[in-house]
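A.B. asks: Questions regarding the structure given below will be posed in turn.
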Amino acid sequence: MIKLRIVPFLCLALTILGCKEAEKEKIAERPNVLFAIMDDATYMHMSAYGCSWVDTPNFDRVATNGLLFNKAYTANAKCAPSRSNILTGRNSWQLEEAANHWPVFPTKFKVFTETLAENGYTVGYTGKGWAPGIAKHKDGSKRELLIKAFSQIKTTPPTPKISNVDYAANFDAFLQQKEDKPFFFWYGGLEPHRAYEYGSGIAKGGKSLSEISDADVYDFWPAVDSVKTDLLDYAFEIEYFDQQLGKMLQNLEDRGELSNTLIVVTSDNGMPFPRIKGQEYEYSNHLPLAMMWADGIQKPGRKIDDFISFIDFAPTFLEVAGVPEAKNDMQPITGHSFTDILYSEKEGFVKPERDFVLIGKERHDVGRPHDQGYPIRGIVCDSMLYLQNFETDRWPVGNPERGYPNTDGSPTKTLLLHNVYAENDDFNYWKWSFGKRPSQELYNILRDPDCMHNLALQENHQTVLAELHQQLFDALSEQEDPRMAGAGAIFDNYKYANKGGVNFYERYGKGEELQWGWINDSDFQDLSKVKRVQDSLEP
């Protein structure tokens, strides 16, 4: 009797053990993910895209041995909103407070990293994760959207303006403790975010002004030495980020884990220069993207022309991680997985239906009366960029007397601000970056990527203008954007997570000492004089 009972028990035990081993093998096949995100870099400033004055051999390695995406766009060109889009797979106008910069992240929105952590992945990050803002659980305790920080190991950076977080060493520390599990790791470089050590690109990066031609300077800035020096400092910080990425790739290769790791390299928004970061123009939202995964990507070396939105990352990562919908209890994801592009052998346009992306913004940085934002919605489709500006009486990058705070202080910003009272064409440099805007803007970004020639008022573009307006508003209505229901003021009423930003405009005007590190003292201008110049202009 005893033996008869032991036999089925052993069979059951062996079956369970076999199932566990099979499950373990299945888990082992799930890819790791290394998500490397720069802080403020425009797409064209990787050497893989043809830039001659920025050297990014490790980004280029990922592109050469994987995929280079030519049309990747963030839905909102500012740090916290862009990262919220990535983590939730939803557009800004679908995220309540998280549409804004410096928000309190709503507890109702789960993020894909939390889902991965619940489904067998070890998740961590180094450097800048989701920020700036506050995230808490319903009980009020701190909520770490990227699960666990690894930023304790420090280094001596090449300039005091570059972060002292040793990104590569912290990644190694993460790998040492991840156990026998697949991982998701977020390398959040704080470069090339400002501030920069002026002249570091030349003095420490070994570059010269002659490397940047006048044609490399966008038309909305003067091609002068101070601007070129600023650009070389920006390049130096991108290269530092890329060097850290190279160390991480080598670490994975040494461990034998590189081939089954999906490497993703991108940025959160465009470069921290006037008329780019925090705006919704081509260079604001169009970002670098390269992906490498030897065990998964078919036919490496392809260049992809499909439009990719940052809200597409979340469903893509969940799919490659093998997380079924039944185990994903996030709010409905708006983005679409693009694993079909990874597994395809086509290049150029792979999926014809990926022919547009939506972009937009609400409130970014402080600097307008009553904490108001500058709401924009837009669509990029084929070669056209259409923008709808909803509150054109407001100053687009913040009020002059508060230093235009949605543009980081820089030598380039200071130079442009000096042109506000110019009596010649130099005044346009101020106008293009800081002046008020019409309600509609339309640009052919294939011919005019600098977005200098607004086609919205031209008779021969009224048909495409109307079509893009309708396509945009139909999509926004489907996604239940509050602005489509006349309830857009809700975004202005959300409080800043940083208490120093609440009612900044009014408090500063009363003489309260408020310090904001990205605004220079020289940025502040006389509103009455600026308005008189601005109001004399045709829209």
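The values are calculated or read from the model by the stated rules, or taken from the named source; none is laboratory data. All values reported here derive from a predicted model rather than from experimental measurement. Every residue, glycine among them, receives a Cβ derived from its backbone with ideal geometry; neighbour counts consider all protein chains shown.
A.B. asks: Here is a check on your reading of the model: is D393 closer than 22 Å to Y218 by Cα and assigned to a loop (DSSP other than H, G, I, E, B)?
C.D. replies: Working: closer than 22 Å to Y218 by Cα: no; assigned to a loop (DSSP other than H, G, I, E, B): yes.
No.
A.B. asks: Now for a different question. Hey, does region 479-497 have a residue that's more than 30 Å from E401 (Cα to Cα), assigned by TED's automatic domain parsing to the domain that holds V366 and acidic (D, E)?
C.D. replies: Looking for residues that are more than 30 Å from E401 (Cα to Cα), assigned by TED's automatic domain parsing to the domain that holds V366 and acidic (D, E), one finds at least one in region 479-497, hence yes.
A.B. asks: Just one of the numbered conditions (1) closer than 30 Å to E118 by Cβ; (2) acidic (D, E); (3) in contact (Cβ under 8 Å) with a residue 24 or more places away in the chain is not true of D382; which one?
C.D. replies: (1)
A.B. asks: Scan region 131-153 for residues that are in contact with a Ser or Thr (Cβ under 9 Å, 6 or more places away or on another chain) and either among the small types (G, A, S) or closer than 20 Å to D242 by Cα (or both) and jot them down.
C.D. replies: Within region 131-153, G133, A135, A149, F150, S151, I153 meet the criteria.
A.B. asks: Within region 287-345, which residues are under 26 Å from L358 (Cα atoms), touching a Leu at 6+ places or on another chain (Cβ under 6 Å) and surrounded by 22 or more Cβ atoms within 10 Å (Cβ to Cβ)?
C.D. replies: Within region 287-345, A290, M291, I304 meet the criteria.
A.B. asks: Could you tell me how many of the residues in region 57-85 are farther than 13 Å from G270 by Cα, in contact with a Phe, Trp or Tyr (Cβ under 7 Å, 6 or more places away or on another chain) and not in a helix (DSSP H, G or I)?
C.D. replies: Matching residues across region 57-85 total 2.
A.B. asks: Something else about it: Please pick out the residue among N251, N269 that is under 17 Å from the mean Cα position of the chain (by Cα) and either more than 24 Å from T155 (Cα to Cα) or not in a loop (DSSP other than H, G, I, E, B) (or both). Explain how you work it out, then say what you get.
C.D. replies: Details: N251 fails: under 17 Å from the mean Cα position of the chain (by Cα).
Exactly one residue qualifies, and that residue is N269.
A.B. asks: If you don't mind, another one. Does E179 satisfy the criteria of being surrounded by fewer than 20 Cβ atoms within 10 Å (Cβ to Cβ) and in a loop (DSSP other than H, G, I, E, B)? Break it down stepwise before answering.
C.D. replies: Working: surrounded by fewer than 20 Cβ atoms within 10 Å (Cβ to Cβ): yes; in a loop (DSSP other than H, G, I, E, B): yes.
In short, yes.
A.B. asks: Further question on the same structure: Out of curiosity, is S522 assigned by TED's automatic domain parsing to the domain that holds S410 and in contact with a helix residue (DSSP H, G or I) (Cβ under 7 Å, 6 or more places away or on another chain)? If you could, list the steps in order and put the result at the bottom.
C.D. replies: Details: assigned by TED's automatic domain parsing to the domain that holds S410: yes; in contact with a helix residue (DSSP H, G or I) (Cβ under 7 Å, 6 or more places away or on another chain): yes.
Yes: the conditions hold for S522.
A.B. asks: Considering (1) of a type outside the set (F, W, Y); (2) surrounded by 14 or more Cβ atoms within 10 Å (Cβ to Cβ); (3) touching a Leu at 6+ places or on another chain (Cβ under 8 Å), say which one V533 fails and leave the rest.
C.D. replies: Only one criterion in (1) of a type outside the set (F, W, Y); (2) surrounded by 14 or more Cβ atoms within 10 Å (Cβ to Cβ); (3) touching a Leu at 6+ places or on another chain (Cβ under 8 Å) is unmet by V533, namely (3).
A.B. asks: Let me spell it out: the conditions are (1) touching a helix residue (DSSP H, G or I) at 6+ places or on another chain (Cβ under 9 Å); (2) modelled with pLDDT of 95 or more, and E347 meets all of them except one. Which number is the exception?
C.D. replies: Checking E347 against (1) touching a helix residue (DSSP H, G or I) at 6+ places or on another chain (Cβ under 9 Å); (2) modelled with pLDDT of 95 or more, the one that fails is (1).
A.B. asks: Right, here's the next one. Take the residues in region 506-530 that are polar (S, T, N, Q) and closer than 20 Å to P272 by Cα; name whichever of them is surrounded by the most Cβ atoms within 10 Å (Cβ to Cβ). Even if it seems obvious, please write down each step before you answer.
C.D. replies: Here is the first cut: in region 506-530, the residues polar (S, T, N, Q) are 515, 520, 522, 525, 528.
Keeping just the survivors that are closer than 20 Å to P272 by Cα gives 515, 520, 522.
Numbers: Q515: 6, N520: 17, S522: 12.
It comes out as N520.
A.B. asks: Which of the residues that make up region 207-229 are surrounded by fewer than 24 Cβ atoms within 10 Å (Cβ to Cβ), part of a helix (DSSP H, G or I) and not aliphatic (A, V, I, L, M)?
C.D. replies: The answer is S210, E211, D214, D216, D225, S226, T229.
A.B. asks: Then there is this: Just one of Y374, Y421, Y404 is at pLDDT 95 or above and either more than 19 Å from P272 (Cα to Cα) or out of contact with any strand residue (DSSP E or B) (no Cβ under 9 Å at 6 or more places or on another chain) (or both); which is it?
C.D. replies: Values: Y374 fails: either more than 19 Å from P272 (Cα to Cα) or out of contact with any strand residue (DSSP E or B) (no Cβ under 9 Å at 6 or more places or on another chain) (or both); Y421 fails: at pLDDT 95 or above.
It is Y404.
A.B. asks: Here's another thing I want to ask about it. Can you name the residue in region 407-455 that is more than 13 Å from P222 (Cβ to Cβ) and without any contact (Cβ under 8 Å) to a residue 40 or more places away in the chain and, of all such residues, is nearest to the chain's Cα centre (by Cα)? Spell out the reasoning first.
C.D. replies: Here is the first cut: in region 407-455, the ones more than 13 Å from P222 (Cβ to Cβ) are 407-410, 420-421, 423, 431, 434-455.
Right, trim to without any contact (Cβ under 8 Å) to a residue 40 or more places away in the chain and you get 423, 448, 453-455.
Details: E423: 37, D448: 23, H453: 26, N454: 25, L455: 27 Å.
Per the criteria, the residue is D448.
A.B. asks: Further, regarding this structure: Working carefully through the options G403, G409, G435, find the one that is under 25 Å from G509 (Cα atoms) and crowded, with 23+ Cβ neighbours inside 10 Å.
C.D. replies: Details: G409 fails: crowded, with 23+ Cβ neighbours inside 10 Å; G435 fails: crowded, with 23+ Cβ neighbours inside 10 Å.
Every option except G403 fails the conditions.
A.B. asks: Since E114 meets every condition but one in (1) surrounded by fewer than 20 Cβ atoms within 10 Å (Cβ to Cβ); (2) of a type outside the set (A, V, I, L, M); (3) farther than 29 Å from G360 by Cβ, which condition does it not meet?
C.D. replies: Only one criterion is unmet by E114, namely (3).
A.B. asks: Failed condition for L232, given (1) closer than 27 Å to I153 by Cα; (2) in a helix (DSSP H, G or I); (3) touching a residue at least 12 places away in the same chain (Cβ under 8 Å), with all others met?
C.D. replies: (1)
A.B. asks: Which number in (1) without any contact (Cβ under 8 Å) to a residue 40 or more places away in the chain; (2) assigned to a helix (DSSP H, G or I); (3) in contact with a strand residue (DSSP E or B) (Cβ under 9 Å, 6 or more places away or on another chain) marks the one condition that V464 misses?
C.D. replies: Of everything listed in (1) without any contact (Cβ under 8 Å) to a residue 40 or more places away in the chain; (2) assigned to a helix (DSSP H, G or I); (3) in contact with a strand residue (DSSP E or B) (Cβ under 9 Å, 6 or more places away or on another chain), V464 misses just condition (1).
A.B. asks: Please go through (1) in a strand (DSSP E or B); (2) of a type outside the set (D, E, K, R); (3) surrounded by fewer than 21 Cβ atoms within 10 Å (Cβ to Cβ) for T159 and return the number of the only condition it doesn't satisfy.
C.D. replies: Failing condition for T159: (1).
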